[in-house]
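What follows is calculated from the coordinates using simple rules that are stated; it is not laboratory data. Please read all numbers here as calculations on a predicted model, not as lab measurements. Here the Cβ positions follow ideal geometry from the backbone for every residue, glycine too, while neighbour counts run over all protein chains shown.
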């Protein structure tokens, strides 16, 4: 794929903005080949999936300290101790009670990464209709399903994403795009994650090359071989050359190198070492999957009498040490900006131990995410169980659907826009509410949250009718004369409303603290920016209704308005963008509810908007207002003001209108207007 | 020091398998185990113990014989020309699946020594050619060399049917010397190839004059039948023979062979000529070298030449080119089992690539896939043989009985010999063409060819503890491979079975099958394992 298709970074013009216009996203058009490549370019990012095959026992991996006595009661033989030299590692004493965690003593690597701010623990991951068959559950999760229907799962989440991102490229390398789309190590069985109903060959299985690669990872001495071994080598290398990507994989591996950081001598570590080397060597493969098997610890999970050693301990140690070595290596190589690692387990294991010093199949388990772009911490509280919980957590204890995690990684890390998310069939999970905020803000590829900082409170002011003057009803907070809004209820003119009604107006500010009171999404690379006045109104009719148009006045917060202009202009200068709009006013046809509507979907794709074109300014009682004339509907509507900075105009390639999607915004140099695409046509905003 | 000293101890499993892989297209574990208890001498006696082929006559898709030969003059054909278009290879291949013996490998080797291709091959001539190979594969190469020079198919292939005194054609005589018998040596002067010269080619051409045939002829005429083999051959037109004496070069000690003027004399002349060529030790050596590459290994080091080849060549020559004494000596030798040097088993064992024919036939037989009956389900046999075995051979560098060149198949005729069977293309076909569909099952003319992996494991008696993954794997390795894989390769096959789950999990899967009779889960695992085992570099080796 060329750079053009890559640049799907959304400036999310209306995404999450209060004008929530049919899920408007300002798509960046494909004229940015000359853009300088920023080191932290989202398009180069890689996701590494560490598959813990067999289903990891999450409860012995991350022990919920606050439930320790119940834990011991349910796992008399296999519980990890909380005292003595083999006790759990306390993860973080600053966590709140229901998140306090003890790590399996073998997870020294994880503790190290957590302290370094590079590990996120996502608790209680599962899905609605759990299945206890390895195959079924794996496939359900790979396919992105909820478990209710396990029939006919022809494609996987990442398969759909990659096929939409790189249509036609699977198993079809070109000169400029010669890397496989996804590479799997550690098992020769294809993974449904990368399945697709018609694109074949999204996944390249590198397991057959492991022997060769692993030998070359360290220098090997030549030993004499038997005729059989020589012949075997000859045939094996012919086998390797049988596929289309073989030469490219070899080139990338040969060109790459690891740092001097040592890796343990385990297959998982070597797989990760190979991945690091390939990324360093220039591989553009987007997803690497490595495998550690053996987690199906029905028996021998621990060694009798010593819960800190045994099968599971070996596996967790392997996992922990390998991931830690990998993280160190990629940092030493300077490629850590591009890499995020996540674990995957097809389910957890039963809360209660079985009779064989092990555990049987379960439901919820914690997933782990690693990388320097991770907002380290513990997400979600531990699922709760009592000492009578026999088998599984109850359904209500699930904290996250696994798809929330993967939608987050796909969008916030890999930068998949709404269309790709839709193709991946993860739209429901990629909303602001459902995504997990575990990517650092500055690295978030899809910042759809207009809030600049945490901790701002919504300031909602309910304005009631305070006084009437010259046909205008003025609204403000009870007991004040500070007018916020006004409605001319029955203007004397043809078509105007003649009914009487009473209304309440709410004015909301999401944040009163500069600079967060101007809500913005900026993309320095593309020069696209959206700047919203951090203040919005909603009208509710308490009694009566309208039968014609009314006039509205919205009193300005001059400080906010100045800020808005300044911030927008500053951005335009900095980004060198071509156009900046005047302040645009839009009316939404349903109430704006903050903060939940500050997300991708906004009010939903079927919501229509009305640009408020008939405007004038004025002042009343020494306060400036903006007046909207001839507003036809007011019940349950809201209003926004924003400035759009853009590089896109009507000549920007995509000449065929059908390629625009609802929500695109551009500057029209012929009409000198900013317009938005409503799905059928371009409509001016001012 | 390499040694042809016989190995006198019992073969044991690995050596028995090695011997059988090299000697027979059909193999089963039971046979291997039986042979394991034999000494090499006993084993080779058994392998040579054949007189007839399992199915004596080719049949048409209706199960009827349609070809009259001397031995079988009656046919029960009621479908006219139904057999006419069939490739004889389908019958020949099908026979290879039904008997553990050396005969088929030997017939194929003889075919390699004296290859013909499609020319002049209607079914009857093809059948005669195959019969001739089969006849002499039990006997002497020299006799075959004499008779093949009169074979109708060969007469067409290399134009000897056109070779007359007045219109000489040395195509056949040239190949006879260069590729079929004594072979070219170094060129030491113009027209002098050490072993023979251009003069010899011309003299040979003169010896071969007069034998001719049409494609169709009256096969019942006794004058067209060879006295001994009773197989039809070219007709000798005395008037077309070059009757003068033939004087050969110094390469053949300046021998003069008297020219024949009568039919008997001409036949004696041919016989004398062949004797002359076969009297040269180099002729014997070249046959032995080709036997060696076919049965033992591709590297003819100086040591092998000096210590193995020469000795065997003498044995061959001293026995008038009877195959059995020489080949027996080779197959019972310590050398064949790599027990004649300090490291046992690092040579010879697992040193050759399976030709597509071995790949296919050994696959169907080692897995004991039920096969249709040649007499009652003939169509299934014919089309199976043609579409599965012969087709694979055709597409992977060995177009059965129709080699691309007179030099024979690339896998046997030129360096690096058997490695020529493996290219990126052929390997892919070898992987994709056989096992996966067999595990699913397919039907040909009403017969289902199906490797039921679960029943095979349960009922074949080759698996002592199918529920124990480690034992199951080992027994599969024993069944299919030269050596048990180690390290990453072992893990690869192990995971092909277990797929990341524990051995305990497999235990429950098998146990569940035994209890409920529902094989679907177990089949998933076993099919995956078998597929990986067969589609591997390890399985390409014999």
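A few remarks follow.
- When only Cα pairs below 8 angstrom with a gap of at least 6 residues are kept, chain B shows a relative contact order of 16 percent.
- Relative contact order [Cα under 8 Å, 6+ residues apart], the stretch B:451-524, whole percent: 31 percent
- Rounded to 10°, Cα long-axis angle of helix B:281-295 versus longest principal axis of chain B: 20 degrees
- Expressed as a fraction of 2.2 N^0.38 Å, the value expected for a compact globular protein of N residues, the C-alpha radius of gyration of the stretch B:176-270 is 1.26.
- On full extension, the segment bounded by residue B:258 and residue B:486 gains 75.5 nm, given 0.36 nm per residue less the C-alpha separation.
- Column: log10 I(q)/I(0), Debye, Cα scatterers of the stretch A:213-317, q = 0.13, 0.19, 0.20 Å⁻¹: -0.71, -1.06, -1.10
- Relative packing of B:473-486, B:134-147, which averages over residues the other C-beta atoms within 10 Å, highest first: B:134-147, B:473-486
- Whether the stretch A:107-229 is rounded, prolate or oblate, judged on the alpha carbon gyration tensor where a/c under 1.5 counts as rounded: oblate
- Average beta-carbon neighbours from other chains, 10 Å sphere, peptide B:492-504: 6
- Point-to-point label distance, residue A:215-residue B:275, nm (Cα→Cβ direction, 7 Å offset): 5.7 nm
- Between the helical axis of B:487-498 and the longest alpha-carbon principal axis of chain B there is an angle of about 60 degrees.
- Label-point separation in nm, residue A:633 to residue A:177, each point 7 Å along Cα→Cβ: 4.2 nm
- Sorted peptide list for A:549-555, A:343-349, criterion being average Cβ within 10 angstrom, highest first: A:343-349, A:549-555
- The stretch B:1-43 - Debye-derived log10 I(q)/I(0), Cα point model, q = 0.17, 0.27, 0.30 Å⁻¹: -0.43, -0.91, -1.05
- Reducing the stretch A:572-586 and the stretch B:18-43 to their Cα centroids gives an inter-centroid distance of 86 Å.
- With R₀ fixed at 35 Å, the C-beta to C-beta distance from residue A:92 to residue A:422 puts the FRET efficiency at about 0.40.
- Take the Cα of residue B:184, go 7 Å toward its beta carbon, and the backbone nitrogen atoms of the stretch B:130-158 under 20 Å from that spot belong to B:158.
- Site pair residue B:303 and residue A:146 shows an inter-label distance of 7.2 nm when each label is modelled 7 Å from Cα along Cα→Cβ.
- MRE, 222 nm, helices only [DSSP H, n ≥ 4, -39500 (n - 2.57), over chain B, to nearest 500]: -13000 deg cm²/dmol
- A protection proxy built from the mean count of other Cβ atoms within 10 Å ranks the segments A:271-280, A:113-122, most packed first, as A:271-280, A:113-122.
- Averaged over the residues of peptide B:425-438, the number of Cβ atoms from other protein chains lying within 10 Å of each residue's Cβ is 1.
- Against chain B, whose longest principal axis comes from its Cα atoms, helix B:356-366 is set at around 40 degrees.
- Calculated FRET value between residue A:440 and residue A:108, using beta carbons and R₀ = 22 Å, to 0.05: 0.35
- Equivalent-ellipsoid semi-axes for the protein assembly as shown (Cα gyration tensor, √(5λ), whole Å, largest first): 82, 35, 26.
- Once the Cα gyration tensor of chain B is diagonalised, semi-axes √(5λ) in Å: 45, 28, 18
- Ascending count of other beta-carbon atoms within 10 Å, so fewest first, for A:439, A:63: A:439, A:63
- Taking other C-beta atoms within 10 angstrom as a stand-in for reagent exposure, A:288, B:507, B:447 fall in the order B:507, B:447, A:288, fewest first.
- Computed FRET value (nearest 0.05) for residue A:622 with residue A:543, which takes r as the C-beta separation and R₀ as 30 Å: 0.45
- Across the stretch B:265-387 the C-alpha pair distances fall into 5 Å bins from zero in the proportions 2, 9, 14, 15, 12, 11, 11, 11, 10, 5, 1, 0 percent.
- Here A:560, B:236 are placed in order of increasing Cβ neighbour count within 10 Å, fewest first, which gives A:560, B:236.
- Rounded to whole Å, sorted largest first: equivalent-ellipsoid semi-axes of the stretch B:1-135, Cα gyration tensor: 35, 16, 12
- Per-residue mean of C-beta atoms belonging to partner chains within 10 Å, peptide A:47-57: 1
- For the stretch B:495-536: rounded, prolate or oblate by the Cα gyration tensor [a/c cutoff 1.5]: oblate
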